[in-house]
Amino acid sequence: MPLIVRQAEDSDLPGVGEVDAASRLHAYTGLLEAAELAGVTPQAQVQVWRERATRERDTHVMLVADQGGRVVGYSYVGPDDDPRVSGLYALFVHPDAFGTGAAQRLLDESCSVAPRRHTPGDQSRRRCPALPL
């Protein structure tokens, strides 16, 4: 199945919640106490992202990696405190999609959609190197 990276829609949030919870549990199980991870559920993460995406709708962009209609990863970009750059605030891939290239595709596309914000007279260009993941 082809992997498509596209701008997220509200209907993608359940998939985003699933990816967020699965990737966090995969990364932190054994490092954090079980009680600290108990609240990391797909439903809880959907609510977190629904609130944040609504609040930051005008300034941030969420992308999803879609494989056969299933969200297998997501990224979130927006402005930084430094007006010359943008920030990559999240990039997560479901553990089942490790090794598929989803993370690299999300990173590449995140760099493409990151808001261009330069101060007047600034000749610098946005830099976003392709990092092998």
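Structure notes:
- Qualifying positions in the stretch 13-32 - out of contact with any helix residue (DSSP H, G or I) (no Cβ under 8 Å at 6 or more places or on another chain) and either over 15 Å from Gly69 (Cβ atoms) or aliphatic (A, V, I, L, M) (or both): Val19, Ala27, Gly30, Leu31, Leu32
- Complete set of residues in the stretch 38-48 that are more than 17 Å from Pro95 (Cα to Cα) and hydrophobic (A, V, I, L, M, F, W, C): Ala38, Ala44, Val46, Val48
- Subset tally (residues that are over 11 Å from Leu63 (Cα atoms), assigned to a strand (DSSP E or B) and of a type in the set (A, V, I, L, M)) for the stretch 89-116: 1
- Count - residues of the stretch 99-128 that are modelled with pLDDT of 95 or more and in contact with a helix residue (DSSP H, G or I) (Cβ under 9 Å, 6 or more places away or on another chain): 1
- Here Ala65 fulfils each of the conditions (1) hydrophobic (A, V, I, L, M, F, W, C); (2) closer than 20 Å to Ala102 by Cα; (3) without any contact (Cβ under 8 Å) to a residue 60 or more places away in the chain apart from (3).
- Here Asp66 meets the list (1) part of a loop (DSSP other than H, G, I, E, B); (2) under 21 Å from Ser11 (Cα atoms) almost entirely, failing just condition (1).
- Extreme residue, surrounded by the fewest Cβ atoms within 10 Å (Cβ to Cβ), among residues of the stretch 73-87 that are touching a residue at least 40 places away in the same chain (Cβ under 8 Å) and either more than 23 Å from Ala21 (Cβ to Cβ) or over 11 Å from the mean Cα position of the chain (by Cα) (or both): Arg84
- Contact map, the stretch 24-39: residues that are in contact (Cβ under 8 Å) with a residue 40 or more places away in the chain paired with residues that are in a helix (DSSP H, G or I), Cβ distance under 9 Å, separation 6+ or inter-chain. Pairs shown: Arg24/Leu37; Arg24/Gln45; His26/Pro95.
The values are calculated or read from the model by the stated rules, or taken from the named source; none is laboratory data. From a predicted model like this one, the values you see are computed outputs, not experimental measurements. Reconstructed Cβ throughout: ideal geometry from the backbone, glycine too, with neighbour counts over all protein chains shown.
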